[in-house]
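Enquirer: Pasting a structure here, questions to come.
Coordinate-derived values only; no laboratory data. Since this is a predicted model, take the numbers as computed values, not measurements. Counting neighbours? That spans all protein chains shown, and the Cβs are built from the backbone with ideal geometry, glycine included.
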């Protein structure tokens with residue numbers, strides 16, 4: 001808990017979207033939109049198969065910062081733009097950096113990139129309290 | 001077809017949701033990468049905080065009970081957004097709807113037994129780059145009337 005943070009500190013978190021993750025996330029979250037669970041509907045919707053719920057990708061960005069600060073209960077804010085779908089078997093690398101520390105709060109900018117180097121989130125910002 | 005801007009300001013809710021411990025565990029472990037099976041949410045991967053699933057560890061921790069993974073809030077706070085995009089008067093083609101942007105603010109933690117009440121309001125409707133955007137703001141209060149989660153949900157209807 002005595003850990004100190006400085007502007008510029010970085011962290012990395014890697015998550016694989018395994019084959020059934022959109023279905024597991026659907027069960028846990030209630031988001032059963034067929035574009036996440038039915039490849040045929042995904043094709044009709046022009047998405048070339050199922051895509052992971054954007055909110056699961058958001059959760060992984062939150063997870064990355066929660067691990068970095070050591071307590072998921074300290075997350076205070078998250079803001080993301082979903083720039084590209086995550087598909088089953090994609091590997092997403094989250095790289096974060098502290099951009100500001102004010103009073104009892106730190107702000108991080110987080111990038112999320114798939115295995116082809118494409119951004120799946122844009123402008124992601126996660127804030128956490130320091131104690 | 002453009003969505004009529006006169007729906008800006010339309011309100012949805014209140015919707016009430018009681019937070020259950022097993023649902024919190026299930027969500028935290030599904031996000032964390034566990035493999036659920038009948039009767040269990042799966043073995044927790046090492047990177048998942050025990051504060052999210054382990055009663056004993058959580059009792060000794062800073063919150064005295066397990067807490068919700070922060071974005072567990074979407075499970076109930078999405079309701080006004082879902083109601084807005086499914087509102088027949090708006091006429092959104094759900095097959096063409098994708099999630100464009102999301103903002104969540106957490107003013108406190110959520111524990112099992114908390115009763116969350118969510119209301120929402122269409123903040124904006126606009127067209128950009130040939131697509132339609134619907135923005136819904138939500139606010140979720142616990143049983144003590146404290147605002148715990150604020151959300152800003154942006155749906156994009158592809159053309």
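Enquirer: Remind me, relative contact order of chain B in percent, using alpha carbon pairs under 8 angstrom and six or more residues apart?
Expert: Relative contact order comes out at 28 percent.
Enquirer: Still on this structure: Could you work out how far the C-alpha centroid of the stretch B:1-57 sits from that of the stretch A:35-70, in angstrom?
Expert: 14 Å
Enquirer: Rounded to the nearest 500, what is the protein assembly as shown's calculated 222 nm mean residue ellipticity when only DSSP H runs of at least 4 contribute -39500 (n - 2.57) each, over all residues?
Expert: -5500 deg cm²/dmol
Enquirer: Can you figure out the FRET efficiency of residue B:87 with residue B:158, using R₀ = 22 Å and their beta-carbon distance, to the nearest 0.05?
Expert: It comes to 0.75.
Enquirer: Please say if the protein assembly as shown is rounded, prolate or oblate, where rounded means a/c under 1.5 for a ≥ b ≥ c the square roots of the C-alpha gyration tensor eigenvalues, and otherwise the choice is prolate for a/b larger than b/c and oblate otherwise?
Expert: rounded
Enquirer: Please compute, for peptide B:92-102, the average count of beta-carbon atoms on other protein chains lying within 10 Å of each residue's beta-carbon.
Expert: Taking all residues of B:92-102 together, the mean is 6.
Enquirer: Within 10 Å of each Cβ in B:19-29, how many Cβ atoms from other chains are there, averaged over the peptide?
Expert: Average per residue, whole number: 2.
Enquirer: Mind checking the angle between helix A:54-69 and chain A's longest principal axis? C-alpha axes, 0 to 90 degrees, to the nearest 10.
Expert: 20 degrees
Enquirer: Normalised by the residues of chain A, what does the relative contact order come to in percent, with Cα pairs under 8 Å and at least six apart?
Expert: Once normalised by length, the contact order is 28 percent.
Enquirer: Can you figure out the FRET efficiency of residue A:122 with residue A:38, using R₀ = 25 Å and their beta-carbon distance, to the nearest 0.05?
Expert: 0.40
Enquirer: Averaged across the residues of A:63-75, what count of C-beta atoms belonging to other chains lies within 10 Å of each residue's C-beta?
Expert: The shielding value for this peptide is 5.
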